[in-house]
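Following: one structure in structure tokens, then a few remarks.
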Amino acid sequence: MSYGNKSKEGLLPRYLLAIESSCDETAAAVLSHGELIKSNIVSSQVEIHREYGGIVPEIASRKHLEAISLVVSEAVERAGIGLTDIDAVAITQGPGLVGSLVVGLSFAKAFAVARGIPFTGVNHLAAHLASIFLEPDTPSFPFIGMVVSGGHTSIYRVDSMLSMELLGRTRDDAAGEAFDKVAKILGLEYPGGPVISHLAAKGDPAAFDFPRAMLPDTPLDFSFSGLKTSVLTMVRRLERDQSSLPIEDLCASFQEAVVDVLIKKLILAARNNDISEVVVTGGVAANSRLRQRLSSEASREGIKAFFPSPGYCTDNAAMVAVAGFHQLKAGIKAKVDADVYSRQFS
Ligand code: KG4
Ligand code: ZN
């Protein structure tokens, strides 16, 4: 992963304001002395997008624009400080929805320039990986880090806060996207992850044998589109043959297929790299079946699994603050002409 411009002088901000607006959450947080999250405000647009069964990018950027000043003011107020106490800003620069990212970046730039303070552009995936450092129990470097969200499913070897190597990624849908699409197929609401997880708890994970794409030629890559199609085919067949769908069994069996693949590949990455700590981050890391099964299966292999608490798995600005703090400490600051990027290249 690459970071902006590196200057010689590092910075240790006393009060760092972080902003996240890459998708459908407008979030702001204040980090004090690189250690303590003083406030963490998340304004979700989920109710608005639910009506459409998924995120509508144009609506998302307009809602960010409406929310951002209020969310930042609330974060500063809850932190018990004034705007003039903030001495640096961290902002998600990409990947994500361009229109949404632009709202956050423009706000951060204007704020930083007006106040004459530095700002740093944070990679959203690096921020998810950094979210584990919001917890009291942290891994040591190097560790295997996985980001499983609505937009990404990637495995990294993380050597430091600023250096991570991509080991594998999804070739098609992200795991969270698979949850969202399967929810839609089953007539459930958006986002699919929490609702499928809830229903799956009452279902039989072995009721349907859905495919697990292991991709032997590139074993650390993922593919979830075949699984989604397989659920769709099964649902069509069941709808033809019987009156009501066994929703709970379908949810449990689908979830089990995703969880199986994520666990196998994570443990394989740890073994291949001779690393005994794995970290799972991103919205899907909130999944309780994944948390339970990975914790016990990893420990059988002598591997320790770390998860951020559920509130830090889904998009938030506290994780941006942690990643941003370490960048500023290393002297990585953005220039005023910095632009957003929609896609991840490494
Ligand atoms: O990290 P995140 O908030 O946003 C992105 O960066 O994409 O992740 C959102 C994704 C959605 O696809 C949502 O369905 C999924 O995370 N998700 C879950 C759970 N909670 C959220 N997936 C499975 N189980 C959950 N409990
Ligand atoms: Zn995310």
**Study point:** the stretch 239-260, subset at pLDDT 95 or above and out of contact with any helix residue (DSSP H, G or I) (no Cβ under 8 Å at 6 or more places or on another chain), residue farthest from P194 (Cα to Cα)
**Key:** D260
Review point. Of all the residues that make up the stretch 325-346, how many are open to solvent by 60 Å² or more (accessible area, probe 1.4 Å) and assigned to a loop (DSSP other than H, G, I, E, B)?
Key: 7
Check your understanding: Got at least one residue in the stretch 58-71 being open to solvent by 30 Å² or more (accessible area, probe 1.4 Å), farther than 16 Å from A29 by Cβ and out of contact with any helix residue (DSSP H, G or I) (no Cβ under 9 Å at 6 or more places or on another chain)?
Key -> yes
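Considering each of L167, L215, L188, L238 in turn, give the residue that is farther than 22 Å from S288 by Cα, among the aliphatic types (A, V, I, L, M), open to solvent by less than 50 Å² (accessible area, probe 1.4 Å) and assigned to a loop (DSSP other than H, G, I, E, B).
Working: L167 fails: assigned to a loop (DSSP other than H, G, I, E, B); L188 fails: farther than 22 Å from S288 by Cα; L238 fails: assigned to a loop (DSSP other than H, G, I, E, B).
From the options L167, L215, L188, L238, the qualifying one is L215.
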Review point. Within the set of pairs 6+ apart or on separate chains, which have a first residue in the stretch 129-153 that is within 12 Å of ligand 1 (Cβ to nearest atom), a second that is open to solvent by 50 Å² or more (accessible area, probe 1.4 Å), and C-beta atoms under 7 Å apart?
Key: G150/E177; T153/R169
Practice item. Kindly indicate whether P136 is within 16 Å of ligand 2 (Cβ to nearest atom), surrounded by fewer than 22 Cβ atoms within 10 Å (Cβ to Cβ) and either part of a helix (DSSP H, G or I) or more than 18 Å from the chain's Cα centre (by Cα) (or both). Key: no
Exercise for review: Examine the stretch 99-117 for a residue that is more than 25 Å from G331 (Cα to Cα), open to solvent by 10 Å² or more (accessible area, probe 1.4 Å) and in contact with a helix residue (DSSP H, G or I) (Cβ under 9 Å, 6 or more places away or on another chain), and state whether such a residue exists.
Suggested key: yes
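What are the residues in the stretch 23-40 that are surrounded by 24 or more Cβ atoms within 10 Å (Cβ to Cβ) and not polar (S, T, N, Q), if any?
Quick first cut of the stretch 23-40, residues surrounded by 24 or more Cβ atoms within 10 Å (Cβ to Cβ) only: 23-24, 26-31.
Selection gives C23, D24, A27, A28, A29, V30, L31.
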Exercise for review: State whether one or more residues within the stretch 189-199 are farther than 20 Å from C23 by Cβ and over 22 Å from the mean Cα position of the chain (by Cα).
Suggested key: yes
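For residues that are open to solvent by 20 Å² or more (accessible area, probe 1.4 Å), hydrophobic (A, V, I, L, M, F, W, C) and outside any loop (DSSP other than H, G, I, E, B), tally how many sit in the stretch 282-324.
Taking the stretch 282-324 as the starting set, the residues that turn out to be open to solvent by 20 Å² or more (accessible area, probe 1.4 Å) are 283, 286, 288-289, 291-293, 295-297, 299-302, 304-305, 307, 309-312, 314-315.
Those left that are additionally hydrophobic (A, V, I, L, M, F, W, C): 286, 305, 307.
Still in the running and outside any loop (DSSP other than H, G, I, E, B): 286, 305.
Selection size over the stretch 282-324: 2.
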Review point. Out of (1) touching a strand residue (DSSP E or B) at 6+ places or on another chain (Cβ under 7 Å); (2) open to solvent by 10 Å² or more (accessible area, probe 1.4 Å), the odd one out for G96 is which?
Key: (1)
**Study point:** From S154, S149, residue being closer than 21 Å to L97 by Cα, in contact with a Leu (Cβ under 7 Å, 6 or more places away or on another chain), within 15 Å of ligand 2 (Cβ to nearest atom) and not hydrophobic (A, V, I, L, M, F, W, C)
**Key:** S154
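The values are calculated or read from the model by the stated rules, or taken from the named source; none is laboratory data. Just so it is clear, the structure is predicted and the values come from calculations on it, not from any experiment. All Cβ positions, even for glycine, are placed from backbone atoms using ideal geometry, and neighbour counts span all protein chains on display. Please note that ligands, DNA and RNA were not included when accessible areas were found on the heavy atoms of the full protein model with its side chains. Shrake-Rupley method; radii C 1.70, N 1.55, O 1.52, S 1.80 Å.
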